[in-house]
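Input: a single structure, listed below in structure tokens.
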Amino acid sequence: MLPDFTEITAWMPDLMSGFKISLQVTFFSLLIGIPFGLVLALGVMAKGRVIRAISLFAVEVGRGAPALVLLQFIYVGLPSAGLMVGSFMAAIAALAWNTGAYTSEIIRASLLSIPSGQREAAEALGMKRLDELRFILLPQGLRVALPALLGFSILIFQSTSLCFTIALPELVSRAYEIGSITFRYFPVLLLAGLLYASISIPAALLVDFIEKRAGKFASR
Amino acid sequence: MNGLDLMPLFRGLLWTITLTGGAFLIGSVLAVPLLLARRSRVWLVRFVAMSVIQIVRGIPPILWLFIIFFGLGMGFLPVSPFGAALAGLGLIAAANMAEIYRGALSSIHFGQFEAANALDLGRWSTFRDVVAPQAFRVALPTAASYLIGLMKETAVASTIGVTELAFHGKQMSQLTFRGLEVYALVGLFYIALSLPVAWASRAADSRLRARVAR
């Protein structure tokens, strides 16, 4: 039932190269998605009605539809509209959209948690709106948002497993492939699970720790 | 959207609802013993419960379904796709619900426990009459938003052949070559499904809040 040593050494190179793709997709999705979330958060809070409507639509669809459906929508849907996308690009686009939608809510909540006196003071000092955001609001807001953003990053890392459905050769695809060749599904899937857990469990414990510390700072 | 037969999507919707409801039910029941173990006085029990929760949450849902359906299903313990999905998602829901219960429980002021102790209420009575009603109100909004999350998570069941919404969406897009419209529609179905849950949760929350308002 468990993988033996020769199996592990035979499978590991394949699994690791899949794991690398999972990590790359995670990295780029967050790199694009979190700034996108900031833009969406500002868009939802904007005064212009059109900007607000568009941002709200992007957030509600990105949060409301399952990541799996977003992936399929971009990978299968866009080519039928005449726009070809590879599975790697489709994965990043879909997960970045998902990230943007969720993190925009996290960032918006953290910006709203800043006392309005901060904003008024910045205005009284004659700061430009962009400077106010950069020097007053973001440094305070992101500090509040950090634990939630990190927690969400773990979820996105796990969501990369959904890219199996768009034929991206990431970790789950590799494990499934090995399983279908050797018929040793259980051991190879277990090994893949171990690789996921080796990142997500320490990361989750770290987020817990940061959350507790942030709570301590806030309660002082 | 003319020319598309939407019946399969509605049939899929039914399976999505069944799977979500079933997994949520299993999860909220199994979470109780898990929570009790998590708060046990024996450190070993506590450690085991915590490890179970972390491991279940540390592995992506799709992999859990594969482990159960392909890993256990091929040889050890033959299982239907729906059974595997129900077991996998139920397990994940249990771990998450245990954490939700724990969060709600820790929001209760320790004065409540002291007061119950001073009134000489037993452990069970303290839980039933003092702690649970208060914790329930705190847990409700979180549990509802988790229910919505779980509903979206059930889309992964399509990968092992459960004929739910995403499965029919995929089939339909392959039949019609109109992926853009089909998947937009499927996404809309999921969003539409989450609206009544969100609404009911908000209504219940404001009603419960009104009852304890001073």
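What translational D, rounded to a whole number of µm²/s, comes out for the protein assembly as shown from Stokes-Einstein when the hydrodynamic radius is the Kirkwood one over Cα pairs, at 20 °C and 1.002 mPa s?
In µm²/s, the coefficient rounds to 91.
Kindly state, to the nearest 0.05, the FRET efficiency for B:Asp120 paired with A:Leu31, given R0 = 56 Å and r defined as their beta-carbon distance. After rounding to 0.05, the efficiency reads 0.45.
Phi-derived couplings, Karplus 6.51 cos²θ - 1.76 cosθ + 1.60 at θ = phi - 60°, listed residue by residue for segment A:201-208: 5, x, 5, 5, 5, 5, 4, 4 Hz, with x used for Gly and Pro.
For the protein assembly as shown, the residue among B:Ser158, A:Ile107, B:Ala115 whose Cα projects farthest onto the positive side of the dipole built from Cβ charges is B:Ala115.
Evaluated at q = 0.08, 0.10, 0.12 Å⁻¹, the base-10 log of the normalised Debye intensity for segment A:5-219, with identical point scatterers placed on the Cα atoms, takes the values -0.37, -0.55, -0.74. Stokes-Einstein diffusion for segment B:14-163 at 4 °C, viscosity 1.567 mPa s, with a Kirkwood radius from C-alpha pairs, works out to 78 µm²/s. Taking the longest Cα principal axis of chain B as reference, the axis of helix B:132-153 is set at about 20 degrees. The lysine pair tally for the protein assembly as shown, using Cα distances under 29 Å and a gap of 8 or more places or different chains, is 4. Looking at segment B:124-200, the chymotrypsin sites (Phe, Trp or Tyr not before Pro) that sit in a DSSP loop and have at most 12 other Cβ atoms within 10 Å of their own Cβ are B:Phe177.
For A:Asp131 and A:Ala167, a Förster radius of 45 Å and the Cβ-Cβ distance give a FRET efficiency of 0.45, rounded to the nearest 0.05.
For A:Ile210 and B:Phe47, the FRET efficiency from 1/(1 + (r/R0)^6), where r spans their Cβ atoms and R0 equals 25 Å, is about 0.70.
The spacing between segment A:133-208 and segment A:34-60, judged by their C-alpha centroids, is 26 Å.
Each distinct pair of alpha carbons in segment B:81-214 adds a 1/r term; the inverse of their mean, the Kirkwood radius, is 17.8 Å. When the alpha carbon gyration tensor of segment A:21-115 is reduced to an equivalent ellipsoid, its three semi-axes come out at 25, 16, 10 angstrom, largest first. With label points built 7 Å along Cα→Cβ from the Cα atoms of A:Ile51 and B:Ser106, find their separation and express it in nm. Between A:Ile51 and B:Ser106, the label points sit 3.9 nm apart. For segment B:70-105, chymotrypsin sites (Phe, Trp or Tyr not before Pro) meeting the loop criterion (DSSP other than H, G, I, E, B) and having at most 12 other Cβ atoms within 10 Å: B:Phe76. In this simple spin-label approximation, B:Phe136 and A:Leu150 carry label points 7 Å from Cα along the Cα→Cβ vector, and these lie 3.6 nm apart.
Between segment A:66-122 and segment B:24-57, how far is it from one alpha carbon centroid to the other, in angstrom? Cα centroid to Cα centroid, the span is 33 Å. Do any trypsin sites (Lys or Arg not before Pro) in segment A:1-91 lie in a loop, going by DSSP, with at most 12 other beta-carbon atoms within 10 Å of their beta carbon, and if so which? Qualifying residues, ordered by number: A:Lys47.
Laboratory data are not the source of any read-out in this text; all were calculated from the coordinates shown. Given the structure is predicted, the values throughout are model-derived calculations rather than measurements. Note that each Cβ is placed from the backbone with ideal geometry, even for glycine, and that neighbours are counted across all protein chains shown.
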